[in-house]
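Notes for the one structure printed next.
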Amino acid sequence: MLNLAVFVSGRGSNFQSILEAISSKVLEAQVKSVFTDKESCGAMEIAEKYSIPVYSISNTDKPGFISYKEVSELLLKQQVDLIVLAGFLKKLPDTVVDEYENRIINIHPALLPCFGGKGMYGMNVHRAVFNSSAKVSGATVHFVDKIYDNGKIIAQEAVDISDVGSPEEIAERVLKIEHKLLPFVIKKISEKKVVISENRVIVH
Ligand code: GRF
């Protein structure tokens, strides 16, 4: 059984897709804890509904928030195998990235290595894709390293956007893919079917 920690900042629909894959027994895993940089967000409400402990994190001393040092301690205590960034907007500190090398994944709402990097999140991504006149977009799940959206790509799925009239329409199409792709990759990792081979990742 794979122990997960999920990091979130927003409404939590990707988090929900993981929980649904677990509930329907498609995915053999458990979410041990949820971490967020927010005081409140949709994803936190989902976690509470499922009785999953939620922790708000901050770099500065804020009442009700925990530090990244405490995050590391909790991850260890809860024997977390995999950290999943599901719409988490902050960069993880290098210490956590080192501790969990090749055990942190992120979902990005475009086909990396295009339309990624600092500031490229949420609707910013879809607006950039729309303005670029690209005919396809999609979702990417990748390992997390110390640079934004830079780690090795695990899985991608593309969607035709040649007929869209707005960035919102792109977001809608991409989100549908995200909800399948993220649980798919977690399942493959839980089955030990994700293998890193030099600078590529093979999914069996
Ligand atoms: C998703 O599009 C994710 O890829 C991006 O932010 C959005 C989060 O959506 N990083 P949700 O909170 O999972 O609903």
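The values are calculated or read from the model by the stated rules, or taken from the named source; none is laboratory data. Since this is a predicted model, take the numbers as computed values, not measurements. Note: ideal-geometry Cβ built from the backbone for every residue, glycine included; neighbour counts use all protein chains shown. Keep in mind that these areas ignore ligands, DNA and RNA; they rest on the heavy atoms of the full protein, side chains included. Shrake-Rupley method; radii C 1.70, N 1.55, O 1.52, S 1.80 Å.
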Discussion item. If a residue counts only when it is modelled with pLDDT under 95, more than 15 Å from the ligand (Cβ to nearest atom) and surrounded by fewer than 20 Cβ atoms within 10 Å (Cβ to Cβ), which strands (runs of 3 or more DSSP E) contained entirely in the range 1-57 have at least 1 such residues?
Written reply: none
Response to the item:
Only one of 152, 90 is in contact (Cβ under 8 Å) with a residue 40 or more places away in the chain, away from the ligand (no atom under 16 Å from the Cβ) and either closer than 25 Å to residue 36 by Cα or in contact with a helix residue (DSSP H, G or I) (Cβ under 9 Å, 6 or more places away or on another chain) (or both), namely 152
Item to complete: Check the range 122-131 and report whether any residue there is aliphatic (A, V, I, L, M) and within 11 Å of the ligand (Cβ to nearest atom).
Response: yes
Item to complete: Taking the residues in the range 150-175 that are β-branched (Val, Ile, Thr) and assigned to a strand (DSSP E or B) as candidates, determine which candidate is least open to solvent (accessible area, probe 1.4 Å).
Response: 154
Worksheet entry | Any chance residue 90 is under 17 Å from residue 173 (Cα atoms) and basic (Lys, Arg) | no
Practice prompt. Scan (1) surrounded by fewer than 22 Cβ atoms within 10 Å (Cβ to Cβ); (2) closer than 17 Å to residue 177 by Cα for the single condition residue 129 breaks and write down its number.
Written response: (1)
Response to the item:
Within the range 132-149, of all residues that are under 21 Å from residue 15 (Cβ atoms) and in a loop (DSSP other than H, G, I, E, B), the one nearest to the ligand (Cβ to nearest atom) is 149
